[in-house]
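Following: one structure in structure tokens, then a few remarks.
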């Protein structure tokens, strides 16, 4: 696996992307499969990254020395990118996941055709039934302006063809 820092050109949102290889990234990029998880922009590029190189086996790890101007109260504190999630939050997320799963079981996956299928159903050109899929923020805004119900799902959904 390889991790790239990616950035969307529209809003300059920065996020990580995990790929099997550099070739996998290029393939997905060329096919337009990459999109920003924050704004849906599909104009994605690699961001500048620092290389992640390990030290030689015979080298000692560098010990960081506090800067002279850092007082005890202003000293750098350890941080983590993996927050501790309280048990009650995990329970709530679990219940939310089960509720979403139950709702989606009676809904049809329409993929990236969500906006057009929602319009068809709203205007009576297709049978009324619950659907779910993907849509850009602009598409959802247009649906709402037309009076068509569209709601973002609280948790990510894998397309059926992506499941093992």
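Any read-out appearing in this document is the output of simple, stated calculations on the displayed coordinates, not a laboratory observation. Everything numeric here is computed off the predicted structure, so don't read it as measured data. We place every Cβ from the backbone using ideal geometry, glycine too, and count neighbours over all the protein chains shown.
Spin-label model, residue 43/residue 141: points 7 Å from Cα along the beta carbon direction are separated by 1.5 nm.
Reducing the stretch 91-108 and the stretch 109-143 to their Cα centroids gives an inter-centroid distance of 20 Å. Between residue 126 and residue 107, the contour length at 0.36 nm per residue exceeds the Cα-Cα span by 5.4 nm.
Once you have a ≥ b ≥ c as the square roots of the Cα gyration tensor eigenvalues for the stretch 103-157, tell me rounded if a/c is under 1.5, and otherwise prolate or oblate according to whether a/b is larger than b/c. Since a/c reaches 1.5 but b/c is at least a/b, the shape of the stretch 103-157 is classed as oblate.
For residue 88 and residue 23, calculate 0.36 nm times their separation in residues minus their Cα-Cα distance, and state this gained length in nm to one decimal. Intermediate results must be reported in sequence, preceding the final value.
Details: separation 65, 0.36 × 65 = 23.40 nm, distance 4.16 nm.
Answer, rounded to one decimal: 19.2 nm.
When peptides 96-104, 2-10, 127-135 are ranked by their average number of other Cβ atoms within 10 Å per residue, the highest-first order is 2-10, 127-135, 96-104.
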